[in-house]
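K.L.:
Take this structure first; my questions come after.
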Amino acid sequence: QVQLVESGGGLVQAGGSLRLSCAASGRIFSINVMGWYRQAPGKQRELVAVFTSGGTTNYADSVKGRFTVSRDNAKNTVYLQMNSLKPEDTAVYYCKYTDYKDYWGKGTLVTVSS
């Protein structure tokens, strides 16, 4: 089993920045993917950004150039630096870890006011 603990959400004005963190613990495989998804009210959960253990990243088009995903493999932690935040970025952000199966964090709320 893998446990994920997210932190860093909150309320920010449009144009501001936030940094999310997600620490994984438990049975961690060296080959994995960690990343972030989000779900806005009334919408489906969508990919924001992911980072493989091999160093590959993938971003949603809507966040390219504004968000940066990074990870510290020694700490089994993935980060999401969010800059130039927009009201449409408001959502619950979920951390996801994938090896042979998927594990999800409980989510952290990000609210961007206009």
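K.L.:
Taking springs between alpha-carbon atoms closer than 10 angstrom, which of THR68, THR56, THR98 fluctuates most in the Gaussian network model of the chain?
P.N.:
THR56
K.L.:
For region 71-77, what does the Karplus curve 6.51 cos²θ - 1.76 cosθ + 1.60, with θ = phi - 60°, yield as ³J(HN,Hα) per residue in whole Hz, taken in order and with x for Gly and Pro?
P.N.:
Values per residue, Gly and Pro as x: 8, 10, 5, 5, 9, 6, 10 Hz.
K.L.:
Which FRET efficiency, nearest 0.05, do SER17 and ARG45 yield, Cβ-Cβ r, R0 30 Å?
P.N.:
Approximately 0.85, to the nearest 0.05.
K.L.:
Could I ask something else about it? Based only on Cα atoms, what mean projected area does the convex hull of the chain have, in nm²?
P.N.:
Its average projected convex-hull area is 6.6 nm².
K.L.:
Can you tell me the length gained on complete extension of the stretch VAL5 to SER53, counting 0.36 nm per residue apart and subtracting the Cα distance?
P.N.:
15.4 nm
K.L.:
May I pose another question? Compute the longest continuous run of the chain that contains no exposed chymotrypsin sites (Phe, Trp or Tyr not before Pro); treat a site as exposed when its DSSP state is not H, G, I, E or B and it has at most 13 other Cβ atoms within 10 Å.
P.N.:
Working: sites that count: PHE29, TYR100.
The longest such stretch corresponds to 30-99.
K.L.:
In terms of Cα to Cα distance under 14 Å, which aspartates and glutamates are near enough to LYS43, apart from those fewer than 8 places away along the same chain?
P.N.:
Once the sequence-local aspartates and glutamates are set aside, what remains near LYS43 is GLU88, ASP89.
No lab work stands behind these numbers, since they all come straight from the coordinates. If you're wondering where the values come from, they're calculated on a predicted model, not measured in any experiment. A quick note on method: Cβ atoms are made from the backbone with ideal geometry, for glycine too, and the neighbour counts reach across all protein chains shown.
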